[in-house]
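The values are calculated or read from the model by the stated rules, or taken from the named source; none is laboratory data. These numbers come from a predicted model, not from an experiment. Positions of Cβ are backbone-derived with ideal geometry, glycine not excepted, and every protein chain shown enters the neighbour counts.
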Amino acid sequence: MYRILVVAPSNSAADVIAMYLVASGKFGVGDFVRLIGFRRLEIQIPESIRDFCMDGEYLDSVARHRLIVCTCNTAGQFFHLGLDTGHFTHVFIDEAGYCMEPEALIAASLVALDKSGQVALTKTKTISIISDRE
């Protein structure tokens, strides 16, 4: 079973990803989660994705979803759960060029490359795949 973590350097970028997923019509409430930081106010969240949002208070529940969208820094909350290496099979780091290196490493370290996991780094109009098979 795949578990995919999609991260972005900012809340607005992560919101845009979530809005695209909702607009695609292929995802209903419960199919993916937009994990938000505990300081984010509900009024700051676009209305179209509010039903998909959960905060760190429900982190155990969030971690069970197969598709999670959050910021690079918010992904660090998963370390508090003590998840097994390889819990996430794929990590996509959107707009990786705008992330500071430590932020990108937070998300990248949540996937196990030794178990055929993959990390994809994206920036405008390009994508790079990192895999242990290369």
Identify all residues within the range 20-44 that are touching a helix residue (DSSP H, G or I) at 6+ places or on another chain (Cβ under 7 Å), farther than 17 Å from ALA63 by Cα and either among the small types (Gly, Ala, Ser) or crowded, with 17+ Cβ neighbours inside 10 Å (or both); write none if there are none. VAL22
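Quickly run through the range 96-113 and pick out the residues that are of a type in the set (Gly, Ala, Ser) and part of a helix (DSSP H, G or I). Break it down into steps so the answer makes sense when it comes.
From the range 96-113, those of a type in the set (Gly, Ala, Ser) are 96-97, 104, 107-109, 112; that's our starting set.
Once the filter is applied, which keeps residues that are of a type in the set (Gly, Ala, Ser) and part of a helix (DSSP H, G or I), the range 96-113 yields ALA96, GLY97, ALA104, ALA107, ALA108.
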Return yes or no: is TYR98 exposed (fewer than 13 other Cβ atoms within 10 Å of the Cβ) and among the aromatic types (Phe, Trp, Tyr)? no
Of the conditions (1) closer than 16 Å to ARG3 by Cβ; (2) loosely packed, with under 13 Cβ neighbours inside 10 Å; (3) in contact with a Gly (Cβ under 6 Å, 6 or more places away or on another chain), GLN77 satisfies every one except a single condition; which number is it? (2)
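What number of residues in the range 1-22 are among the aromatic types (Phe, Trp, Tyr) and modelled with pLDDT of 90 or more? If you could, list the steps in order and put the result at the bottom.
First, pick out the residues of the range 1-22 that are among the aromatic types (Phe, Trp, Tyr): 2, 20.
The next check asks that each one be modelled with pLDDT of 90 or more; those that pass are 20.
Total meeting the criteria: 1.
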Which pairs have Cβ atoms under 6 Å, sit 6 or more apart or on different chains, and link a residue in the range 1-18 that is of a type in the set (D, E, K, R) to one that is part of a strand (DSSP E or B)? ARG3/PHE88
For the range 45-67, the count of residues that are part of a helix (DSSP H, G or I) and either in contact with a Ser or Thr (Cβ under 8 Å, 6 or more places away or on another chain) or surrounded by 11 or more Cβ atoms within 10 Å (Cβ to Cβ) (or both) equals 10
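So which residues in the range 70-95 are of a type in the set (Val, Ile, Thr) and either assigned to a helix (DSSP H, G or I) or more than 14 Å from SER10 (Cα to Cα) (or both), if there are any at all? Don't jump to the end; show me each part of the working.
Step one: of the range 70-95, the residues of a type in the set (Val, Ile, Thr) are 71, 74, 85, 89, 91, 93.
Residues satisfying the conditions are THR74, THR85, THR89, VAL91.
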